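**Q** So that we are looking at the same thing, I have put the structure below in structure tokens.
The values are calculated or read from the model by the stated rules, or taken from the named source; none is laboratory data. Values in this document were obtained by computation on a predicted structure and should not be read as measured data. Cβ sites come from the backbone with ideal geometry, for glycine too, and all protein chains shown count toward neighbours. The area values use the complete protein model at the heavy-atom level, side chains included, leaving out ligands, DNA and RNA. Shrake-Rupley method; radii C 1.70, N 1.55, O 1.52, S 1.80 Å.
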Amino acid sequence: MNEATTLQPRRLRFVRRPSPVLVEHRPLYKITQLLLVLHMSSRSGKSTLPRLHLFNWALKSTERIQKLVDAAKAKALNMTAWGFDPALAIAIRFAVAEDLVEPTSTGYQLTEKGRSFITEVLKEASAFASERKLLTEIGKDITEGMVETVAKGWESA
């Protein structure tokens, strides 16, 4: 027998191992951030989708969120663009499915169940402490009008 005919094909063996999911991509984390923004930095617990993406994008870095804090104080949003994150879109869909937020004609709004959920989160002082501090500084001063003005610039570009 020659060597080529005696070789047996080897079988590949795959072992499934757990892999960590980044905090940024955990649905419950994103849902809670979304509810915090609606509760702490949105009038009547409502916001448009572009505004929610702005906050989501800003909360990813201290430099970005500081720009949002400065814009709130100056009452002028001087950012030209921000990212739209698929993880936030997924979190919104889960939040709607769980009746934590509901769609409106212009965006999304906290439901009573969502208010109860975020109230429970806020009882724990260490939960989302940095986000809470920054959202408190921003307050409700990043308005829909400010976001809309920037977004209109996208259409003309």
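**Q** Considering only DSSP states other than H, G, I, E and B, which trypsin sites (Lys or Arg not before Pro) in segment 94-134 qualify as loop sites with at most 11 other Cβ atoms within 10 Å? Provide the component values of the computation, followed by the final result.
**A** Details: sites: Lys113, Arg115, Lys123, Arg132, Lys133; in loops: none.
Counting only loop positions with at most 11 other Cβ atoms within 10 Å, none of the trypsin sites (Lys or Arg not before Pro) in segment 94-134 qualifies.
**Q** What ranking do 9-18, 80-89, 45-54 get when scored by the average of other Cβ atoms within 10 Å per residue, highest first?
**A** Descending mean neighbour count gives 45-54, 80-89, 9-18.
**Q** Something else: Residues of the chain: accessible area per residue at 1.4 Å, in Å²? If you can, show how the numbers build up before the last one.
**A** On the way: 10170 Å² over 157 residues.
I get 65 Å² per residue for the chain.
**Q** For Lys123 and Tyr29 in one chain, what is 0.36 nm times their gap in residues minus the Cα-Cα distance, to one decimal in nm?
**A** Working: separation 94, 0.36 × 94 = 33.84 nm, distance 1.64 nm.
So the extension gain works out to 32.2 nm.
**Q** Given a Förster distance of 30 angstrom, what is the FRET efficiency for Lys113 paired with Lys133, based on the Cβ-Cβ distance and rounded to 0.05? Let's see the in-between values first.
**A** Working: r = 26 Å, r/R0 = 0.85.
Result of the calculation: an efficiency of 0.70.
**Q** Separate question: Using a Cα distance threshold of under 18 Å, what count of lysine pairs results for the chain when pairs must be 8 or more residues apart or interchain?
**A** Counting lysine pairs in the chain gives 16.
**Q** What shape does segment 1-110 take by its C-alpha gyration tensor, where a ≥ b ≥ c are the square roots of the eigenvalues and a/c under 1.5 counts as rounded, a/b above b/c as prolate, and the rest as oblate?
**A** On the way: a/c = 3.96, a/b = 2.50, b/c = 1.59.
Here segment 1-110 falls in the prolate category.
**Q** Given the rule -39500 (n - 2.57) for each run of at least 4 DSSP H residues, summed and divided by the residues of the chain, what is its mean residue ellipticity at 222 nm, to the nearest 500 deg cm²/dmol? Write down the numbers at each step before the final one.
**A** Working: 8 runs with 88 residues, N = 157.
Theoretical 222 nm ellipticity from helices: -17000 deg cm²/dmol.
**Q** Also, I was wondering about something else. Using only alpha carbon pairs under 8 Å that are at least six residues apart, calculate the relative contact order of the chain and give it in whole percent. Working shown, then result.
**A** Numbers: 158 pairs, mean separation 51.6, N = 157.
Relative CO of the chain lands at 33 percent.
**Q** Given that compact globular proteins tend to follow 2.2 N^0.38 Å, what is the ratio of the alpha-carbon Rg of segment 55-157 to that value?
**A** Values: Rg = 14.9 Å, N = 103, 2.2 N^0.38 = 12.8 Å.
The value comes to 1.17.
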